[in-house]
Amino acid sequence: MITFPNAKINLGLNIVAKRPDNYHNLETIFYPIPLEDALEVVDLPGKTDACLHISGLQIDGEPNKNLIIRAYDLLKASFDLPAVDIYLHKVIPFGAGLVGGSSDAAFMLRLLKDKYKLPVSEEMLFSLAARLGADCPFFLLNRPVLATGIGNEFTPVSLTLKNYYLVLVKPDIMIPTAKAYSLVKPEQPKVPLSEIVKKPVEEWKNLMTNDFEKSVFSKHPVIGRIKETLYQAGAVYASMSGSGSSVFGLFEAPTQFKEQFTDCFVWEGQLP
């Protein structure tokens, strides 16, 4: 059985408070995009465990510690799962603010549930996904949500970017998430993101912000220049996604940026 885990972008991102547990409360809009990995599970007779095979883009970490393996282990602890070969073709870049790893893990949970017809309720599936990462449960919903708390509390948002064209540019720069948070001073936004997102996309440029951009652009000016380039080329809205390093732009017509950003990962496509 094969499935296609997709990425997400952040529409706005406000760090609103630091918590007693040293995590941060935030508000952001998670929006799914059709940039997809490919994930396949095949029975492995005569074996007792799972084996992960990765192709495509390189990712950090040991395969046996990947979130996909952890998802398999979580279900195997409660159900009699067979040994499997897992084939992951990586298309979503690592360290981009697109949380492809969380998507892979969430899709793995649902794939195993469906493939082996496991008696797992949606509530249990969400609980397992939350153990893998705060944003993992989002990919079980896979629709626009306002994410609050530490990015683990979801409120549905009536929003569609259908027919906009998205360009995503990721330079060869890694932004450690913990470091990015340490450089942000939390504060309540003047206008809640839940109100801004109700306005026309054309008005977002002067209202919607990503609190990570100031410090990230200061340390890595090339990322800020990518955003400026997208606006100069006619983007209706552009922003860094998450804590970076990818930057996206929304356009009203097809784009061709691959020749302009030859040293970056570039994905372009129409939003469904």
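The values are calculated or read from the model by the stated rules, or taken from the named source; none is laboratory data. What you are looking at is a predicted structure, and each value in this text was computed from that prediction instead of being measured. Cβ sites come from the backbone with ideal geometry, for glycine too, and all protein chains shown count toward neighbours. Heavy atoms of the whole protein, side chains included, go into the accessibility calculation; ligands, DNA and RNA do not. Shrake-Rupley method; radii C 1.70, N 1.55, O 1.52, S 1.80 Å.
Values as computed for the structure displayed
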| read-out | value |
| --- | --- |
| Where a residue in region 225-238 is touching a residue at least 12 places away in the same chain (Cβ under 8 Å) and open to solvent by less than 30 Å² (accessible area, probe 1.4 Å) and its partner, wherever it lies, is among the aromatic types (Phe, Trp, Tyr) and in a helix (DSSP H, G or I), with Cβ under 7 Å and at least six apart | 237/204; 238/231 |
| Exclusive hit being within 21 Å of residue 160 (Cβ to Cβ), surrounded by 14 or more Cβ atoms within 10 Å (Cβ to Cβ) and hydrophobic (A, V, I, L, M, F, W, C), set 39, 44, 26, 35 | 35 |
| Filtered residues of region 2-23 (kept if open to solvent by less than 10 Å² (accessible area, probe 1.4 Å) and modelled with pLDDT under 95) | none |
| Residues satisfying the stated conditions in region 195-243, i.e. assigned to a helix (DSSP H, G or I), of a type in the set (A, V, I, L, M, F, W, C) and either modelled with pLDDT under 95 or in contact with an Asp or Glu (Cβ under 9 Å, 6 or more places away or on another chain) (or both) | 196, 223 |
| Residues (closer than 21 Å to residue 26 by Cβ and in contact with a Ser or Thr (Cβ under 9 Å, 6 or more places away or on another chain)) located in region 143-167 | 144, 145, 146, 147, 148, 151, 154, 155, 157 |
| Within region 141-167, considering residues that are part of a loop (DSSP other than H, G, I, E, B) and β-branched (Val, Ile, Thr), the one least open to solvent (accessible area, probe 1.4 Å) | 157 |
| Hits in region 58-72 - residues which are out of contact with any Asp or Glu (no Cβ under 7 Å at 6 or more places or on another chain), surrounded by 13 or more Cβ atoms within 10 Å (Cβ to Cβ) and assigned to a helix (DSSP H, G or I) | 63, 69, 70, 71, 72 |
| Residue, nearest to residue 31 (Cα to Cα), within region 82-119, restricted to residues that are assigned to a loop (DSSP other than H, G, I, E, B) and open to solvent by less than 10 Å² (accessible area, probe 1.4 Å) | 98 |
